[in-house]
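Visitor: Sharing a structure here in structure tokens format.
The values are calculated or read from the model by the stated rules, or taken from the named source; none is laboratory data. Please read all numbers here as calculations on a predicted model, not as lab measurements. No Cβ is skipped: glycine too gets one built from the backbone with ideal geometry, and neighbour counts run over all protein chains shown.
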């Protein structure tokens, strides 16, 4: 009888090999290649079905205590789904999940909260601070996946929360917790158990130093929904963004606020971000942005000043550096302004990120306004994408953006002329349609 051939796997990057090697040629790490454990699964005969004969199954959804989070998820958590919640350490992931778990358990939902990082005493202290100690919320401190799934089978909860996926491990894998192999295989084992028992599972994942969520991108493909909390830890506001959602729209956002009693929803985000704005200040521009399908008014601040360094500084907080570089090139090429020898600072107050193309025009006007020391009209909001040829391109959601500006008392809005006609049918606000960056300067600063 022929001997079964043994394969090997790199515990650092997950690449497989037919034989043992001292150094992984994929990730260049030494002594990370170990025998690959085989986990035989029950064989089942697959059966195909014509599309029109596939039975329809209604999605049972779990109503959440937060209306905004309920909205961005498309109507709540789907029963039996696997959700990945990511974010940087300390941004508020555990606090948000404990609040949701406490509220749902008081509504009769049996929940198992598994902590692989904190002690049960620490979790109880946080729950007391949040003002809720429900009896239907069960805590478990464990790092072994097999033991976690065993306790899940005994308790049979409707929802299981695991904090976090990077600190648990399978005992039959030789690699350490948090490695690519462990994260992937542990998630696969949990996914199989969740689908078999129709249990909703929420996994917490930390953003790695490379900027990826809970390790490899393959993990995001394995789960049904990917949520990410964004925000500066020095600021009270957090943006919950839906990266992926198999049961609803993606890229939706909800604005939350960290308070002494936990996380609360912000009812009017635009008013919050504009209430401290200094009007008629050079470099300050209000952009009508679109976060998912939610319009949001944000202030874009720019400061252009002489540099005392050999290489001028380019400091950006909340602005995409790549898009900012495009805009600087357009300013120098099509407006004839030389900013190469100057320090440039860009900021979005509140710790929110402006990464969509509709914010290009606001960034350009804020830089020119600071450079010329000429303020933008205080009651003017702007949006539009800036092309490399200096043209102003249309963006999605123009009507929603204009309505948000009109709702908050702005008298006019600077927008791509291609969007002007359709917006005029829905809004009474004064519309100024422009086709290029020179027209933008003419109407906003009289240049």
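Visitor: Can you give me the ranges of the strands (runs of 3 or more DSSP E) entirely in the stretch 366-437 with at least 1 residues that are touching a helix residue (DSSP H, G or I) at 6+ places or on another chain (Cβ under 6 Å) and farther than 23 Å from residue 272 by Cα?
Guide: Because the criterion is at least 1 residues that are touching a helix residue (DSSP H, G or I) at 6+ places or on another chain (Cβ under 6 Å) and farther than 23 Å from residue 272 by Cα, the strands (runs of 3 or more DSSP E) in the stretch 366-437 that meet it are 430-434.
Visitor: Please pick out the residue among 354, 346 that is closer than 22 Å to residue 284 by Cβ and modelled with pLDDT of 95 or more.
Guide: The match here is 346.
Visitor: Moving on to the next point. For the stretch 166-181, enumerate the residues that are under 16 Å from residue 84 (Cα atoms) and at pLDDT 85 or above.
Guide: Across the stretch 166-181, the qualifying residues are 166, 167, 168.
Visitor: Another one. For the list (1) in contact with a strand residue (DSSP E or B) (Cβ under 8 Å, 6 or more places away or on another chain); (2) surrounded by 19 or more Cβ atoms within 10 Å (Cβ to Cβ); (3) farther than 21 Å from residue 230 by Cα, I need the number of the one condition that residue 309 fails.
Guide: Going through (1) in contact with a strand residue (DSSP E or B) (Cβ under 8 Å, 6 or more places away or on another chain); (2) surrounded by 19 or more Cβ atoms within 10 Å (Cβ to Cβ); (3) farther than 21 Å from residue 230 by Cα one by one, residue 309 breaks only (2).
Visitor: List the strands (runs of 3 or more DSSP E) that sit entirely inside the stretch 201-272 and contain at least 3 residues that are at pLDDT 85 or above and more than 20 Å from residue 130 (Cβ to Cβ).
Guide: 225-230, 237-245
Visitor: Which condition number does residue 132 fail, the rest of (1) at pLDDT 90 or above; (2) in contact with a helix residue (DSSP H, G or I) (Cβ under 6 Å, 6 or more places away or on another chain) being met?
Guide: Only one criterion in (1) at pLDDT 90 or above; (2) in contact with a helix residue (DSSP H, G or I) (Cβ under 6 Å, 6 or more places away or on another chain) is unmet by residue 132, namely (1).
Visitor: Oh, and also: Residue under question is residue 140, and the condition is that it be touching a helix residue (DSSP H, G or I) at 6+ places or on another chain (Cβ under 6 Å) and either buried (at least 22 other Cβ atoms within 10 Å of the Cβ) or assigned by TED's automatic domain parsing to the domain that holds residue 194 (or both); does it hold?
Guide: yes
Visitor: Would you check which residues across the stretch 273-322 are over 19 Å from residue 366 (Cβ atoms), at pLDDT 90 or above and within 18 Å of the chain's Cα centre (by Cα) and list them?
Guide: Across the stretch 273-322, the qualifying residue is only 295.
Visitor: Moving on to the next point. Go through the stretch 64-163 and tell me which helices (runs of 4 or more DSSP H), entirely inside it, have 2 or more residues that are within 25 Å of residue 266 (Cβ to Cβ).
Guide: 67-72, 93-106, 120-130
Visitor: Within the stretch 79-91, how many residues are farther than 16 Å from residue 243 by Cβ and at pLDDT 90 or above?
Guide: Result for the stretch 79-91: 2.
Visitor: Any idea which of (1) closer than 28 Å to residue 233 by Cβ; (2) in a helix (DSSP H, G or I) is the one residue 330 doesn't satisfy?
Guide: All conditions are met except number (1).
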